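Note sheet for the following structure.
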Amino acid sequence: MKELRLKEHPILEVPDYEYISFYFNGEKLPARKDEMISSALIANGINVFGHHHKDGTAQGIFCANGQCAKCTVIANGIAVKSCMTKVQENMMVKSADGLPELPETNDPVEFEPIEELETEVLIIGGGPSGLSAAIQLGSAGIDTLLIDDKHELGGKLVLQTHKFFGSEEDSRAGTRGHEIGKLLAAEVMEMSSVKVWLNSTAIFVFSDKKVGVLKDGVYKLINAKRILNAAGAREKFLRFQGNHLARIYGAGAFQTLVNRDLVKPTERLFIIGGGNVGLIGAYHAIQAGIEVVGLAEAMPSCGGYKVHADKLMRLGVPIYTSHSILSANGGETVESITITEIDRNFKPIEGTEKTFACDTILIAVGLDSLAEFTLEAEAAGIPVYAAGDALEIAEASSAMFNGKIMGLTIARDCGVVSEDIPQEWYQKAEVLKSHPGKVKGYQNHKAEEGVFPIIHCLQEIPCNPCTTVCPTNSIHTEDGSLMAVPLYSGSCIGCGKCVLICPGLAITLVDYRKDVQNPIVTMPYEIMNYPVKVGDELSLVDVEGRFLLKAPVVQVIENKKVHTAMVRVQVPRELAKQVVSFIVQDASVSEALPNAIVAERASDDAMICLCERVSVGQVRELIRSGITDLNQIKAITRAGMGPCGAKTCEVLIKGLLREEGIPVENVVPNTKRPVFVEVPLDKFPNGTRS
Amino acid sequence: MAKNYDLIIIGAGSIGLPAALEAAKRNASVLVIESEHGPGQENNKKAIGGVRATHSDYGKISVCLRSIEIMKSWHEVYGDDIGWMSNGYSYPAYNPKDAQTLQDLMKIQHSYGLNIKWLSPQDYNEIVPGIKQEGLEGSTYSPEDGSCSPLLMGSAYYFHTLKHKVEYRFNEKVIGFELSGDKIDTVITDKDTYVAGTVINAAGNYARQIGEYAGLDLPVYPDNHEAGITEPVARFFGPMVIDMRRAPGSANFYFYQNNEGQVVFCITPDPPILGIDNRSTSEFLPLCSKRMLEIYPRLRNLKVRRTWRGQYPMTPDGFPIVGRSREISNLINAVGMCGQGFMLGPGMGELLARIVFDELSDSDHRILKSFDPYREFTGMEAFK
């Protein structure tokens, strides 16, 4: 069978892996040494990992983050989360069909004493904000323990193959996320007062001021004087018909599979959600050689940066605004998606349904702060801080900044540092988390001589590396602020630095010096998996992907260091300023099926709690009978009682309550209890107590 | 004008809900006042779910036998699934002294007609496969005891009381009574006042405070217990397992596999942790998992899904306080269930209705002797 792995990637290096063998349901299969079972299965084309014990429906990868249990398999007799368990040589893996059998092991359990440790500051999460805070605390020499549940530092930065926004000075704009993660991690590792524990999951902040942590499978208790919650966020899910099918998951899970594990989980992908996460996910898919059939966004325009959306449309990916998912169609796994246009009240407009063949659907409809560690620490009376997405959902550039602020704030509160936090840090943190602002028109370039950049970045976003990279200082934002749209005025030398650094791939150079009538346009290009060479006829498009003309490539300048090439074409002067890029994905990829599949069943069959297979209808009925307490809904339906601990359904149920017109103040939230993730019983015994 | 009710029940929990249903079935107008935001949201939902009639006194045995009958036939009578399972209870003995105590108790239990037998270690291994055999003297086994979901049971009671026109005031706290002579005239809450024919104090953790409003001193002192639940797995053992031995930090502990396949477990801290604190401690899992794995290593790979903390509203002798107040003639206390409110509840609800409507039988009078509010509180429940 074909191995579904990335053999090459335009941005990421594909190392030489050592291969081992394992068995799935008796069949011998290859796996990369040290990869997670889930990735090994997906690489072998296996997407159904088991069947739910309640209704027998298929289950597969969902969070790829150890938070749920939908990827459970039986490995050497024991039920494990396949996304968190490494495959081993000759491991016998079986699908988890129905309730697992507990292995009949009767040997006595050995009890070891639980190690207890003290630390001044505990940072939960080694992503952009946690690392930035650790650097501040380390610089102040404060005894800090940073824990992260993954095998490497960087958090979601590890998955970000695109260049970052923001400013070079504050958030390393123009550098790719995964590289920033490495830079920050290296800086933290230099700090002598900062201890880093990888593969360490915080379990709970207990009332006796101890934090339970599972480190490499060993349970430990931490006495921390202060806690920084930098644990990030979780992805929101959606209610729609067929939302329980295997091969529907979040963009974060997708990026983990593709950019961390270098597997190719899908051939044909559809994405729901036009925020930055969905837009970037689509871009990453193209970079992995995956066909992106389309992207639907419920609002009249995408919530993410316009440059991201534009980039996709230029590649040939259609974006359906004012559209929503009606159903995922298929037997066990996704075979197609039906989307529909929606009105201003988000109600589907009958007759507008379109069905597209696809094998995977990504849900990228926003994130929810992971607040539980903050609440637990507050309840325990431990001074607690939050940074990054755990504080507020925003870009990683902003997370780095507020992590820095929180780190210094904690250092001050510890009494170690006395300097005030610079006022401009707060201002910058505010700007960096700004939502996109107004869309402006193009700058009026009258001149048709020499060489100069055309800036196709038309929306106010917090980003300005083009202004700092220009050697002649010829690019400035309108009012000098980070948010404003960049404008060119000055003396371009045609070096192309702005072209290469722009994270939005939204700067071209037009060079009239050789031929005024047919100037040369330089375009940035970073998906070398769709190779381009001199002489290739390109379908050139404008900023939003509208076809302009066909023209041959006259030059390709590759830059291996920044993984961005400059592709040059010669075009008539009337069109030169409009040319931004070229189509790489054939229009046939995005064709709808001739007949839309519109399910007859009521949409209330959609699942609201995937873990316990509770339908929207069941919960709606309770809400209509007057129950608005999530604890009571849980007690009656079991929604929220499953392995993920209400991490997915809580937001969905709150949405349903809103839809049913229940005021927020009447809704009683779920009581949060230990444990954060499921942990085997034999991790907990304390060998010293009796 | 304050609204008038035949019966006002303080507390929509394990006792208040069944009492409300039984009273409403007699066409009484019933109001339930609950300080929480919904029914069963205090200790009812925190119950483990085990239900046994194998106690050591006539009162608890009779009430729980009736509870078992009600739960067992609930689906048939009321149509709701409450997850009842006749999975039995077992008390394994790991030393001769405990074996003797349990076997002596069995004589009393047999005299009350209970179905309880003594299993050899080998026979016990048949129903709890893989249980530690070393030092095991044998175990009691009472196959007609069982379990059901406190969450489903509480909700089922609530919905049936609504059908019988019971009214609820949630998020409302009783803050006093207006007395006239030897009677409660009005129940005063933080939001309103209500005129009561009869009042039942079923306030669980807060029973003592409610008693004080009527000038009574009810010896009910909550202490804290933590419990946990695992992932579901295929059924691998039968009964509730109760290890009654003490170990440093804990008295007894117990666990069973519920009808979803999840193992539910709980431990009794020693010394008791008095007060009301629902926050989880770092002590519970290390303590309880160790004791469980010591006697049942097979549980090792079972993943803990959730833990929680609740209270046992304890009395000095471990028996509930149930009966009509001598000082306040229209006040009935049904308090101090000592962590057994869930299993006593259904039977107790019927008994309370018979107290309210003066329908007590000879057997009821005998039951109420066990729970007499005016007893000396000198003894101690033998079979916890």
In this structure, the FRET efficiency calculated for B:Arg354 and A:Glu116 from their beta-carbon separation, with R0 = 41 Å, to the nearest 0.05, is 0.15
Using a 1.4 Å probe on heavy atoms of the protein chains only, the accessible area for B:Phe159 in Å², nearest 10, reads 60 Å²
Length gained if A:Glu101 through A:Asn666 is fully extended, taking 0.36 nm per residue and subtracting the Cα-Cα distance, is 199.2 nm
Taking R0 as 56 Å and r as the Cβ-Cβ distance between B:Asn95 and A:Asn25, the FRET efficiency 1/(1 + (r/R0)^6), rounded to the nearest 0.05, comes to 0.75
Ranking B:Lys290, A:Lys209 from most to least accessible area with a 1.4 Å probe gives A:Lys209, B:Lys290
Spelling it out for A:Thr352: with amide H atoms placed in the peptide plane at 1.01 Å from N, the residues 5 or more places away or on another chain with amide H under 5 Å from its amide H are A:Glu341
So the FRET efficiency between B:Lys3 and B:Arg235, C-beta based with R0 = 41 Å and rounded to 0.05, is 0.25
Contour minus Cα-Cα span, A:Ser139 to A:Ser539, at 0.36 nm per residue, comes to 138.8 nm
The alpha-carbon pair-distance distribution computed for the stretch A:552-645, with 10 angstrom bins and whole-percent values, is 12, 22, 14, 11, 15, 19, 8
Going residue by residue through the stretch B:168-177, the Karplus relation 6.51 cos²θ - 1.76 cosθ + 1.60 with θ = phi - 60° gives ³J(HN,Hα) values, rounded to whole Hz and with x marking Gly or Pro, of 10, 10, 8, 6, 10, 10, 6, 10, x, 10
Heavy-atom accessible area per residue of the protein assembly as shown, all protein chains kept, 1.4 Å probe, expressed in Å², is 37 Å²
Over chain B, the sum of -39500 (n - 2.57) across DSSP H runs of at least four, divided by residue number and rounded to 500 deg cm²/dmol, gives at 222 nm -9000 deg cm²/dmol
Expressed as a whole-number percentage, the relative contact order of chain A with C-alpha contacts under 8 angstrom and at least six residues apart is 14 percent
Residues hit by the 50 Å² burial cutoff in the stretch B:285-304, accessible area with a 1.4 Å probe, assembly against chain on its own, are B:Leu285, B:Pro286, B:Lys290, B:Leu293, B:Arg298, B:Arg300, B:Asn301, B:Lys303, B:Val304
Excluding ligands, DNA and RNA, the carbon-plus-sulfur percentage of the accessible area of the stretch A:603-666 with a 1.4 Å probe reads 47 percent
Interface buried area B-A, accessible surface with 1.4 Å probe, both sides summed, nearest 100 Å², comes to 4800 Å²
Flagged as over-length at 21 Å C-alpha distance, from A:Lys306/A:Lys433; A:Lys311/A:Lys550; B:Lys46/B:Lys303; A:Lys347/A:Lys440, the pairs are A:Lys347/A:Lys440
From most to least accessible, 1.4 Å probe, no ligand or DNA/RNA atoms counted, B:Met240, A:Met483 line up as A:Met483, B:Met240
Accessible-area order for B:Trp74, B:Trp84, B:Trp118, largest to smallest, probe 1.4 angstrom, reads B:Trp118, B:Trp84, B:Trp74
A 1.4 Å probe over the protein heavy atoms gives the stretch B:230-380 a carbon and sulfur accessible-area percentage of 53 percent
Between the alpha carbon centres of the stretch A:518-547 and the stretch B:28-44 the gap in Å comes to 69 Å
Between the modelled labels at A:Leu183 and A:Lys347 (7 Å from Cα along Cα→Cβ) the distance in nm is 5.1 nm
Reported to the nearest 10 Å², A:Thr468 has, with a 1.4 Å probe, an accessible area equal to 80 Å²
Toy charge model, Lys and Arg Cβ at +1, Asp and Glu Cβ at -1: the stretch A:237-365 dipole around Cα centroid in debye, rounded to 20, equals 340 debye
The ratio Rg/Rh over the Cα atoms of chain A, Rh being the Kirkwood inverse mean 1/r radius, stands at 0.97
per DSSP, antiparallel bridges as share of beta bridges in the protein assembly as shown, % nearest 5, sits at 65 percent
Rounded to the nearest 10, the angle in degrees between the Cα long axis of helix B:150-163 and the longest principal axis of the Cα atoms of chain B comes to 30 degrees
Karplus-derived 3J(HN,Hα) from phi for the stretch B:270-286 (6.51 cos²θ - 1.76 cosθ + 1.60, θ = phi - 60°), whole Hz, x at Gly and Pro, runs 9, x, x, 9, 6, x, 10, 8, 8, 7, 6, 10, 6, 7, 4, 4, x
Excluding residues fewer than 8 positions from B:Lys60 in its own chain, the lysines with Cα under 17 Å of it are B:Lys107, B:Lys369, B:Lys384
Out of B:Leu17, B:Ala353, B:Gly249 - ranked by how far each Cα lies towards the positive end of the dipole of chain B, with unit charges on the beta-carbon of charged residues - the top one is B:Gly249
Rounded to the nearest Å, the spacing of the alpha-carbon centers of the stretch A:258-308 and the stretch A:185-230 is 34 Å
Two pseudo-spin positions, 7 Å from Cα along C-beta at B:Lys163 and at A:Ser588, lie apart in nanometres by 6.2 nm
PRE zone check, label point 7 Å out along Cα-to-Cβ of A:Gln443, amide N under 19 Å, scope the stretch A:155-171, hits A:166-168
Taking protein heavy atoms only, a 1.4 Å probe, and rounding to whole percent, the accessible area of the stretch A:451-589 owed to carbon and sulfur comes out at 53 percent
Of the listed pairs A:Lys236/A:Lys634; A:Lys683/B:Lys132; A:Lys150/A:Lys220; B:Lys3/B:Lys183; A:Lys94/A:Lys672, those with alpha carbons more than 22 Å apart are A:Lys94/A:Lys672
The distance between the Cα centres of the stretch B:221-242 and the stretch A:157-181, in whole Å, is 49 Å
Interface call, the stretch B:230-257: threshold 30 Å², probe 1.4 Å, accessible heavy-atom surface of protein chains, chain by itself vs complex, result B:Pro232, B:Val233, B:Ala234, B:Pro248
Residue by residue through the stretch A:350-360, the couplings from Karplus 6.51 cos²θ - 1.76 cosθ + 1.60 with θ = phi - 60°, in Hz, x for Gly and Pro, are 4, x, 9, 5, 9, 10, 10, 6, 7, 10, 8
Amide H proximity to A:Cys609 below 5 Å, modelled H, separation 5+ or other chain, gives A:Val614
Using a 1.4 Å probe on heavy atoms of the protein chains only, the accessible area for B:Asp123 in Å², nearest 10, reads 80 Å²
Under the 7 Å Cα-to-Cβ spin-label approximation, B:Glu178 and A:Asp515 lie apart by a distance in nanometres of 9.9 nm
Counting sequence-distant residues (5 or more places) and residues on other chains, those with an amide H built under 5 Å from that of A:Leu367 are A:Lys236
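The values are calculated or read from the model by the stated rules, or taken from the named source; none is laboratory data. A quick note: this is a predicted structure, and the numbers were derived from the prediction, not measured. Backbone-built Cβ (ideal geometry, glycine too); neighbour counts: all protein chains shown. Side chains included, ligands, DNA and RNA excluded: accessible areas come from the protein's heavy atoms. Shrake-Rupley method; radii C 1.70, N 1.55, O 1.52, S 1.80 Å.
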